[in-house]
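Student: Right, I'll just put the structure down here and ask away after.
The values are calculated or read from the model by the stated rules, or taken from the named source; none is laboratory data. Worth saying up front: this structure is predicted, and the values here are computed from it rather than measured. Here the Cβ positions follow ideal geometry from the backbone for every residue, glycine too, while neighbour counts run over all protein chains shown. Accessible surface is based on the protein model in full, side chains and every heavy atom, while ligands, DNA and RNA are left aside. Shrake-Rupley method; radii C 1.70, N 1.55, O 1.52, S 1.80 Å.
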Amino acid sequence: MRAVKTKLWTVDKNVHIHKKYPQIKEASLLITKNEVVAFPTETVYGLGANAYSDEAVGKIFEAKGRPSDNPLIVHIANESQLQELVNEIPEVAKKLMDAFWPGPLTLVFQKGEGIARQVTAGLATVAVRMPDHAIALSLINESGVPLAAPSANVSGKPSPTLAAHVYEDLCGKIAGIVDGGPTGIGVESTVLDCTTEIPTILRPGGVTKEQLEEVVGIVAVDPALVDDGQAPKSPGLKYKHYAPQAKLILVEGDKLFLQQQVQIAKQSGKKVGVLTTKENASEYDADIVLPCGSKNDLATVAQHLYEVLRKFDEYEIDVIYSETFPEQGVGKAIMNRLNKAAGGNVIKC
Ligand code: TXA
Ligand code: MG
């Protein structure tokens, strides 16, 4: 692949979305020239390109090493951009847009004309979201086009929650990175299919099932999310993802049981890591113990999850044992990502 000089811009995340900022102007100019630029959202950093350009979108797949059958989310800054992307907007979607946009909810619609072919990877549907982040919205406004944007990591690695993560993965492969500091939520948006009779969660994320149900009544969950044998409707979910370099094993059991696993691995000569919370960190004896948020506030676990998974790569360890979290609220998204990162390696007490 061609080597590219990667520009870095630093922008305060509290920009006014309709004011002009030279850094955002420069970044958007590159987008209008069909280059790709990474930018912060409220969930994770995205890697954006003009959603109407095959050439631009092709560069996203190339930079990430992303399989071509995995479609992208299109990011918009206003609802008139949605009209051009989709065939129709179902009533249920309108209610959800009113309640959660801008925000971490991606809605899947029947697609309209004109979107770059690779964005939807041949599907008849398109996934769209309006991010709740002033820099993202400014960049879309300034570029004048919707931005197709996956998470700005190399395929398979944890999504980036800091500009430094993007730099580590994609420096020399993309035209620029807008650094707006740490992202807020830390896990990606919820992907919800609005083309089915009952709206269906394809990927758990920043908006919980409980929150969705408060607005539209019953919401279904793609059976593939609970049964490994089924093919997921969201193509991205069939790939191993979010994985640190060391083998990750989830431990369902108490602290004593987890410490026993650590002991056994250490005795066999392995260098061992533990992923836990700040409350429990002092209770483990391993080569490296990394706390990830507070067990009393799962939102903080979500916020730091990818950062901690990436941090383990800095220590040359062989195996990481991770605590598990209750699958309630954002806990569903946390456990979905941990299960993917562990590739099904779970030990139960
Ligand atoms: O929070 C987020 O959603 C972040 C930020 C950057 O917006 N983006 C993100 O994109 O997570 P990505 O590409 O890493 O994940 C998009 C997911 C994939 O699992 C993909 O398969 C699914 O959305 N997807 C995209 N279009 C779809 C469609 N038409 N039908 C079903 N799933 C779709
Ligand atoms: Mg991703």
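Student: Counting just the residues of segment 121-155 that are within 11 Å of ligand 1 (Cβ to nearest atom) and closer than 13 Å to LYS64 by Cβ, which one comes out nearest to the chain's Cα centre (by Cα)?
Tutor: Looking at residues that are within 11 Å of ligand 1 (Cβ to nearest atom) and closer than 13 Å to LYS64 by Cβ, I get SER151.
Student: So if I check each of GLU213, GLU188, which one is farther than 27 Å from GLY112 by Cα and at pLDDT 95 or above?
Tutor: None of the others qualify; the one that does is GLU213.
Student: Pairs please, first residue from segment 31-49 and within 18 Å of ILE115 (Cα to Cα), second anywhere and within 12 Å of ligand 1 (Cβ to nearest atom) and in a loop (DSSP other than H, G, I, E, B), Cβ atoms under 7 Å, 6+ apart in sequence or on different chains.
Tutor: LEU47/ALA149; LEU47/PRO150; LEU47/ALA152; GLY48/ALA149
Student: Would you confirm whether any residue within segment 24-38 is over 17 Å from VAL145 (Cβ atoms) and either at pLDDT 95 or above or of a type in the set (S, T, N, Q) (or both)?
Tutor: No, that holds for no residue.
Student: Provide a single number: the residues in segment 159-174 that are open to solvent by less than 10 Å² (accessible area, probe 1.4 Å), assigned to a loop (DSSP other than H, G, I, E, B) and closer than 17 Å to ILE60 by Cα.
Tutor: 3
Student: Taking strands (runs of 3 or more DSSP E) that do not extend beyond segment 275-349, which have at least 2 residues that are open to solvent by 50 Å² or more (accessible area, probe 1.4 Å)?
Tutor: Of the strands (runs of 3 or more DSSP E) lying wholly inside segment 275-349, those with at least 2 residues that are open to solvent by 50 Å² or more (accessible area, probe 1.4 Å) span 346-348.
Student: Enumerate the helices (runs of 4 or more DSSP H) found wholly within segment 1-91, keeping only those where 2 or more residues are of a type in the set (A, V, I, L, M, F, W, C) and touching a Ser or Thr at 6+ places or on another chain (Cβ under 8 Å).
Tutor: 22-32
Student: Cβ-Cβ distance below 9 Å, separation of 6 or more or different chains: which pairs start in segment 285-300 with a residue that is outside the structural domain of VAL274 (by TED's automatic domain parsing) and end on one that is surrounded by 19 or more Cβ atoms within 10 Å (Cβ to Cβ) and polar (S, T, N, Q)?
Tutor: Within 9 Å, no pair qualifies.
Student: Hey, another quick one. What number goes with the only condition from (1) away from ligand 1 (no atom under 16 Å from the Cβ); (2) over 30 Å from ARG2 (Cβ atoms); (3) of a type in the set (Asp, Glu) that GLU168 does not pass?
Tutor: Failing condition for GLU168: (2).
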